[in-house]
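Okay, so here's the structure we're looking at.
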Amino acid sequence: MRIGFGYDVHRLAEGRRLVLCGVEVPYSLGLFGHSDADVAVHALMDAILGALALGDIGRLFPDSDPKYLGADSMELLRSVIGKMRERGFLLGNLDITIIAERPKLAPFIEKMRENLAAAFGCDTDRVSVKATTEEGLGLAGAGIGAHAVVLLEDV
Ligand code: MG
């Protein structure tokens, strides 16, 4: 088995969509970034790449490359999952914690789990997505952060 951890933060900005685990969450602000800035999927990709010791998404999908401008992070995730499979690994389970003061994410969590499970081709019982605040402290007041842990199984 292999374990991997990923962490990412993006700041909130006007005139941007808020996309988390491929779900567009209605909100007055969105996450700023070169791609769609899906911070949860970015943390998840870094966790998978970490488990495989393949570096990080900055190396794989550099934000200096116009090819990734406005990129769909779920599509990038499918490419990372492809690398995982090529090396003979399957997802054991994953656990993501999204840190956001607002908006409330509870109504969107199940759809996020379904999106990720579909990308891996696994059951949703291997996919956990949670949301928390930092009680007004920490980084997340001005943005949204995410932690991700994955366990990969050698098959
Ligand atoms: Mg990022």
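The values are calculated or read from the model by the stated rules, or taken from the named source; none is laboratory data. Bear in mind that the values here come from a model prediction, so they are computed numbers and not experimental data. Neighbour counts run over all protein chains shown; Cβ positions are idealised from the backbone, glycine included. Protein only, heavy atoms only, side chains kept; ligands, DNA and RNA dropped before computing areas. Shrake-Rupley method; radii C 1.70, N 1.55, O 1.52, S 1.80 Å.
Observations
- Qualifying residue in segment 29-49 (condition: part of a strand (DSSP E or B) and open to solvent by 20 Å² or more (accessible area, probe 1.4 Å)): no
- Test result for T97, open to solvent by 30 Å² or more (accessible area, probe 1.4 Å) and touching a strand residue (DSSP E or B) at 6+ places or on another chain (Cβ under 6 Å): yes
- For segment 1-12, taking the residues that are over 11 Å from the mean Cα position of the chain (by Cα) and within 16 Å of I99 (Cα to Cα), the one that is surrounded by the fewest Cβ atoms within 10 Å (Cβ to Cβ) is identified as F5.
- Meeting the requirement of 1 or more residues that are out of contact with any helix residue (DSSP H, G or I) (no Cβ under 8 Å at 6 or more places or on another chain) and β-branched (V, I, T), the strands (runs of 3 or more DSSP E) wholly within segment 71-155 are 89-99, 127-132.
- Where A51 falls short, out of the listed (1) away from the ligand (no atom under 16 Å from the Cβ); (2) under 25 Å from G138 (Cα atoms): (2)
- Test for D8: is it charged (D, E, K, R) and either at positive phi or in contact (Cβ under 8 Å) with a residue 60 or more places away in the chain (or both): yes
- Long-range neighbours under 9 Å by Cβ, at least six apart or interchain, first residue over 15 Å from L116 (Cβ atoms) within segment 14-33, second acidic (D, E) and open to solvent by less than 10 Å² (accessible area, probe 1.4 Å): L31/D38
- S128 being among the hydroxyl-bearing types (S, T, Y) and open to solvent by 70 Å² or more (accessible area, probe 1.4 Å): no
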